[in-house]
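*Asks:* The structure's right below; bear with me while I get my questions together.
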Amino acid sequence: MTEELKVIANNYHSNSDLSPVSKIEIYSFFDPFCKDSFKLSAILSKLRIEYQQYISIRHILNPSLRVLTKCQAQSTSDRDNIALVFKAAELQGRSRAHRFMHLLQNEIIPKCDIVTEDMIAKCIVNAGLDLDVFREDIQNSKLRDSLKIDLHIAREMDIDMAPSLVFFNEDVHEEGLKVEGLYPYHIYTYIINEMIGMPIEKNLPPTLADYIQQKQLVTEEELRTIYEWPERTLRKELKKLALQRKVEKLKYPEGEYWKSRM
């Protein structure tokens with residue numbers, strides 16, 4: 001599949017008459033209960049760090065019948081329905097809504113927990129959103145209409161699975177490049193470089209302590225994605241931060257996580 005994706009990207013690039021573009025828009029369709037969607041979140045975080053001035057990312061909860069049914073099945077009301085909760089959070093800004101969803105996934109995926117209103121409230125506050133405004137917005141009758149718009153977008157882009165990414169350049173007449181599933185980081189950077197069509201100067205990540213503080217709860221796999229350090233080096237740095245009481249290791253049914261104490 002790696003070679004196939006490279007061929008797709010090459011064909012996309014060679015069939016385009018565009019001059020080098022300055023910005024790429026990425027639509028990210030995710031399933032909040034899916035481990036691959038959770039893993040892709042780390043890759044998107046790294047893309048956002050390194051290619052901040054070249055890309056924008058729009059996160060859309062995959063509005064498939066299966067995902068929406070699961071959101072409905074695990075909820076007791078609109079106030080703990082993940083699909084509606086995410087749309088309500090988006091009313092305070094897409095980037096903070098994504099941060100909220102990442103924090104919520106931190107709660108439900110490693111711990112195998114069911115979403116509760118208390119859990120949502122905690123993640124809303126930690127994501128920097130206004131809880132009172134959120135509680136007003138969750139009662140907005142237009143949230144379901146917003147989900148219908150997402151469903152229309154997904155159908156237009158032929159989204160059949162999550163995670164899926166669709167890359168668009170600045171030409172509204174050009175079709176997007178769709179990548180379904182989870183791939184190594186270099187596949188996505190390859191696509192971005194091919195679509196940009198000019199040399200790219202990447203940004204450096206924040207310090208390890210700052211990144212963990214921003215994310216609050218991370219896996220070593222995510223940190224290896226972000227920093228690309230040898231496993232021994234990463235564990236040495238984590239141990240150093242633990243001794244400084246800046247982070248602590250937590251064990252959940254799905255594995256070990258690192259949590260910020262700052």
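No lab work stands behind these numbers, since they all come straight from the coordinates. Everything numeric here is computed off the predicted structure, so don't read it as measured data. Glycine also receives a Cβ, built like all others from the backbone with ideal geometry; neighbour counts cover every protein chain displayed.
*Asks:* Based solely on its DSSP helices, what 222 nm [θ] is calculated for the chain when runs of n ≥ 4 H residues each add -39,500 (n - 2.57) and the sum is averaged over all residues, nearest 500 deg cm²/dmol? Walk me through the numbers on the way to the answer.
*Replies:* Details: 12 runs with 137 residues, N = 262.
Rounded to the nearest 500, the figure is -16000 deg cm²/dmol.
*Asks:* Normalised by the number of residues in the chain, what is the relative contact order in percent for Cα pairs under 8 Å and 6+ residues apart? Show your work: numbers first, answer last.
*Replies:* Working: 344 pairs, mean separation 69.6, N = 262.
Here the relative contact order equals 27 percent.
*Asks:* With unit charges on the beta carbon (Lys/Arg positive, Asp/Glu negative), name the residue among 30, 192, 133 whose Cα is farthest towards the positive pole of the charge dipole of the chain.
*Replies:* Going by the Cα projections, it comes out as 133.
*Asks:* Here is a further query. Size of the dipole of the chain about the Cα centre, Lys and Arg at +1 and Asp and Glu at -1 on the beta carbon, nothing else charged, in debye to 20?
*Replies:* 1260 debye
*Asks:* Defining a contact as two alpha carbons under 8 Å apart and six or more residues distant in sequence, what relative contact order in percent does the stretch 208-260 show?
*Replies:* Working: 50 pairs, mean separation 24.9, N = 53.
Relative contact order here is 47 percent.
*Asks:* Could I ask something else about it? Taking amide H atoms as placed 1.01 Å from N in the peptide plane, list the residues 5 or more away in sequence, or in a different chain, whose amide H sits under 5 Å from that of residue 75.
*Replies:* Counting only residues 5 or more places away or on other chains, the set is empty.
*Asks:* With a point put 7 Å past each Cα toward its Cβ, work out how far residue 261 is from residue 203 in nm, to one decimal.
*Replies:* 3.0 nm
*Asks:* Continuing with the same structure: Computed from the coordinates I sent, Rg and Dmax of the Cα atoms in Å equals one of (i) 17.6, 51; (ii) 21.3, 73; (iii) 18.9, 55. Tell me the label.
*Replies:* Answer by label: (iii).
*Asks:* Note down the magnitude of the dipole of the stretch 39-190 about its Cα centre, charges +1 on Lys and Arg C-beta and -1 on Asp and Glu C-beta and zero elsewhere, to the nearest 20 debye.
*Replies:* Details: 19 positive and 22 negative charges, 68 e Å.
So the magnitude is around 320 debye.
*Asks:* If you don't mind, another one. Once you've got the Cα coordinates, tell me which of 35/87; 70/259; 35/236; 70/142; 46/236 are over 25 Å apart.
*Replies:* On the way: 35/87 21 Å; 70/259 28 Å; 35/236 27 Å; 70/142 21 Å; 46/236 21 Å.
In this structure, 70/259; 35/236 lie more than 25 Å apart at Cα.
*Asks:* Hey, which aspartates and glutamates would be in cross-link range of residue 240, C-alpha to C-alpha under 20 Å, not counting anything within fewer than 8 residues on its own chain?
*Replies:* Once the sequence-local aspartates and glutamates are set aside, what remains near residue 240 is 210, 220, 221, 222, 228, 231, 248, 256.
*Asks:* Distance between the C-alpha centers of the stretch 90-116 and the stretch 176-246? Whole Å please.
*Replies:* After rounding, the separation between the Cα centres reads 19 Å.
*Asks:* A further question on this structure: So if R0 is 45 Å, what FRET efficiency would residue 186 and residue 94 give, r being the distance between their Cβ atoms, rounded to the nearest 0.05? Before the final figure, lay out the partial values.
*Replies:* Details: r = 26 Å, r/R0 = 0.59.
Once rounded, the FRET efficiency stands at 0.95.
*Asks:* Evaluate E = 1/(1 + (r/R0)^6) for residue 227 and residue 193, where r is the Cβ-Cβ distance and R0 equals 22 Å; express this FRET efficiency to the nearest 0.05. Numbers along the way, then the final one.
*Replies:* Details: r = 21 Å, r/R0 = 0.93.
So, using R0 = 22 Å, E works out to roughly 0.60.
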